[in-house]
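First the structure, in the form of structure tokens, and then the observations on it.
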Amino acid sequence: MAARRISSLLTRSLSVSSSSVSTSLFASLGKNSGRNGIGKRFSTAAALEDLIVPPVQIAYTQNLIDGKFVDAASGKTFPTYDPRTGDVIANVAEGDAEDIDRAVAAARKAFDEGPWPKMTPYERSRIMLRFADLVEKHSEELAALETWNNGKPHEQAAKSELPMFIRLFHYYAGWADKIHGLTVPADGPHHVQTLHEPIGVAGQIIPWNFPLLMFAWKVGPALACGNTIVLKTAEQTPLTALYVAKLFHEAGLPPGVLNVVSGYGPTAGAALASHMDVDKVAFTGSTDTGKIVLELAAKSNLKPVTLELGGKSPFIICEDADVDKAVELAHFALFFNQGQCCCAGSRTFVHERVYDEFLEKAKARALRRVVGDPFRKGVEQGPQIDTEQFEKVLRYIRSGIESNATLECGGDRLGTKGYFVQPTVFSNVKDDMLIAKDEIFGPVQSILKFKDIDEVIRRANNTRYGLAAGVFTKSVETANTLTRALRAGTVWVNCFDVFDAAIPFGGYKMSGIGREKGIYSLHNYLQVKAVVTPLKNPAWL
């Protein structure tokens, strides 16, 4: 594993010059399922009623504040569910404003009086590395817990997301002792230096679609810079964040540096975003909720905010495309993680010359997609996260039908329990349809036809979002034209969902503010201070 590029685990990269498709873990899932006919027949790994018992016990359900697991101040709990069945997994402490107050007080004390920001960066780095080692030791339990609480395929969690989580903390541990200011020349007899200081108490709110990876994207850079944290989990998926936070303390993290509160957005989330003693907020989630977080931060103490929000990413297949490879990559770009990915290639633009061939093969690939218990080997698609998201996806499918898009396959639930949705493909999709404008966050592929590059640039950019885009072409000139013209924070050329630790991620327009991962993420958690000192009779300036 150490010799492999971590990015290869979370991507499908297709070489346009190769005669064969380059594959990753996700390419192999369902490879031997075979075509299951036409219409609404899908490959299933096994009867959805025959579910595997998750090989993990629930260990932590309380809030973690000041280094200790504690009940919510109110004594309340809320259920967290298994999306395969809708059954309750566990009852988790329901944090609200009082719990946020307690967590912020612990984080403030740890920052102002505790050892973490005063610790040498090298020692902070060592604690982060010890934590990564502990996560690797407990990776089997964590992968099982992530799948049980989220519904994503276990192979994806175990073979891709846990290794990436560990890699991210190795990456940020490496940054801890390389953060420094500059010496700046002045026009007069003054010594000028800049200091890069930790911003203080960081409030972080993470989503449910990638609970562990979003924990790493937020916590890693904040701790590397010397900050303390209050993190609110998504109410749908609190379990893995609590588990890894416990491991962080086993690694030697001082009490109060990382506090984890589970609860609902309107109570715990709003209290964190509006808290007067929080110095910075980072949020990943929907654009509508991001607006609320930004408003609460501004109306309280004008704290800076990093937002990673929604998307409606175009995936552009040019006329020179190898159609078989394009179909496979476009399928992955949309259906990965049950379609619950903010950067999903959810508008598949196909050049009119290859449109008909692409459509038939895209439909056939969707029909071969293996849907079932995510704990079963070979399953490509598990359930949607919860009943709300499940019903939302089905509403958008009905909207597509009512708008006169052509339903090529799918369009309904799969099975009788849980939140499984048939892989769905629409053709003859128009730009003004809701399925082409709104973020569905589900396994629904919308295929649109275009005539030339100028047209597809205009249509691809005609969205309020700008998170990501994909381009599939053999032409370097076409790739260069599109990558510069598309208004998106990431453009993948002949690949998709490459999430290397060093690659920045974030959006244009209403897809967010700021960047996560890479060196750019450190800027979110640092203050820059200029220090100016007079020089008396300097030998040089």
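The values are calculated or read from the model by the stated rules, or taken from the named source; none is laboratory data. Quick caveat, the model's predicted, so the values are computed rather than measured. As a convention, Cβ positions derive from the backbone with ideal geometry for all residues, glycine included, and neighbour counts pool all protein chains shown. Each accessible area value is taken on the protein alone, full model and side chains, heavy atoms only, with ligands, DNA and RNA left out. Shrake-Rupley method; radii C 1.70, N 1.55, O 1.52, S 1.80 Å.
Brief remarks on what is shown
- Selection from the range 512-533 of residues that are open to solvent by less than 100 Å² (accessible area, probe 1.4 Å) and not aliphatic (A, V, I, L, M): G512, G514, R515, E516, K517, G518, S521, N524, Y525, Q527, K529, T533
- Residue match in the range 6-16 (condition: modelled with pLDDT under 95, open to solvent by less than 40 Å² (accessible area, probe 1.4 Å), under 29 Å from T387 (Cβ atoms) and not assigned by the TED database to the domain that holds P423): yes
- Single condition Q445 does not satisfy, out of (1) among the polar types (S, T, N, Q); (2) out of contact with any His (no Cβ under 8 Å at 6 or more places or on another chain); (3) open to solvent by less than 60 Å² (accessible area, probe 1.4 Å): (2)
- Selection status of D87, under 26 Å from A144 (Cβ atoms) and within 24 Å of the chain's Cα centre (by Cα): no
- Conditions (1) charged (D, E, K, R); (2) under 22 Å from K312 (Cα atoms); (3) open to solvent by less than 10 Å² (accessible area, probe 1.4 Å); number of the one not met by D386: (3)
- Scanning the range 493-511 for residues that are at positive phi and out of contact with any strand residue (DSSP E or B) (no Cβ under 7 Å at 6 or more places or on another chain), we see that the one that is most open to solvent (accessible area, probe 1.4 Å) is K509.
- Whenever a residue of the range 509-534 is over 17 Å from H180 (Cβ atoms) and assigned to a strand (DSSP E or B), its partners that are acidic (D, E) and open to solvent by less than 70 Å² (accessible area, probe 1.4 Å), lying with C-beta atoms within less than 7 angstrom and at least six residues away or across chains, give the pairs G512/E308; E516/E308.
- Matching entry among R369, R413, R365, R353 (being at pLDDT 95 or above, basic (K, R), under 26 Å from Y81 (Cβ atoms) and more than 23 Å from the chain's Cα centre (by Cα)): R413
This table checks each residue for (1) open to solvent by less than 10 Å² (accessible area, probe 1.4 Å); (2) at negative phi; (3) of a type in the set (V, I, T).
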site	(1), (2), (3)
T289	no, yes, yes
D322	no, yes, no
K325	yes, yes, no
V350	yes, yes, yes
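- Of all residues in the range 376-409 being free of Cβ contacts under 8 Å to residues at least 24 places away in the same chain and not acidic (D, E), the one that is farthest from D356 (Cα to Cα): R395
- Single condition K137 does not satisfy, out of (1) under 22 Å from I503 (Cα atoms); (2) open to solvent by 10 Å² or more (accessible area, probe 1.4 Å): (1)
- For the range 516-532, residues that are among the hydrophobic types (A, V, I, L, M, F, W, C) and out of contact with any strand residue (DSSP E or B) (no Cβ under 6 Å at 6 or more places or on another chain) total 2.
- Any hit, the range 476-491, residues being over 28 Å from the mean Cα position of the chain (by Cα), touching a residue at least 40 places away in the same chain (Cβ under 8 Å) and open to solvent by less than 50 Å² (accessible area, probe 1.4 Å): yes
- Selection count where residues are more than 30 Å from the chain's Cα centre (by Cα), closer than 10 Å to G226 by Cα and surrounded by 15 or more Cβ atoms within 10 Å (Cβ to Cβ), scope the range 107-122: 1
- Selection status of Y81, at pLDDT 95 or above and closer than 22 Å to Y419 by Cα: yes
- Within the range 311-320, no residue satisfies the criterion of being surrounded by fewer than 24 Cβ atoms within 10 Å (Cβ to Cβ) and in contact with a Gly (Cβ under 9 Å, 6 or more places away or on another chain).
- Of the helices (runs of 4 or more DSSP H) lying entirely inside the range 111-176, those carrying at least 2 residues that are polar (S, T, N, Q) are 139-150.
- When W208 is tested against (1) open to solvent by 10 Å² or more (accessible area, probe 1.4 Å); (2) among the hydrophobic types (A, V, I, L, M, F, W, C); (3) in contact with a strand residue (DSSP E or B) (Cβ under 6 Å, 6 or more places away or on another chain); (4) within 23 Å of L294 (Cα to Cα), just one condition goes unmet, and that condition is (3).
- For beta carbons closer than 7 Å, sequence separation of 6+ or different chains, a first residue in the range 228-241 that is under 24 Å from V278 (Cα atoms) and not assigned by the TED database to the domain that holds S262 and a second that is buried (at least 24 other Cβ atoms within 10 Å of the Cβ) and of a type in the set (K, R), there are no qualifying pairs.
- Among the residues listed as V104, V70, the single one being closer than 28 Å to F169 by Cα, surrounded by 21 or more Cβ atoms within 10 Å (Cβ to Cβ) and of a type outside the set (K, R): V104
- Of everything in the range 150-191 that is surrounded by 19 or more Cβ atoms within 10 Å (Cβ to Cβ) and acidic (D, E), the residue that is nearest to D373 (Cα to Cα) is E155.
- Every listed requirement among (1) in a helix (DSSP H, G or I); (2) more than 30 Å from T416 (Cβ to Cβ); (3) in the same structural domain as E439 (by the TED database) is met by T348 save one, (1).
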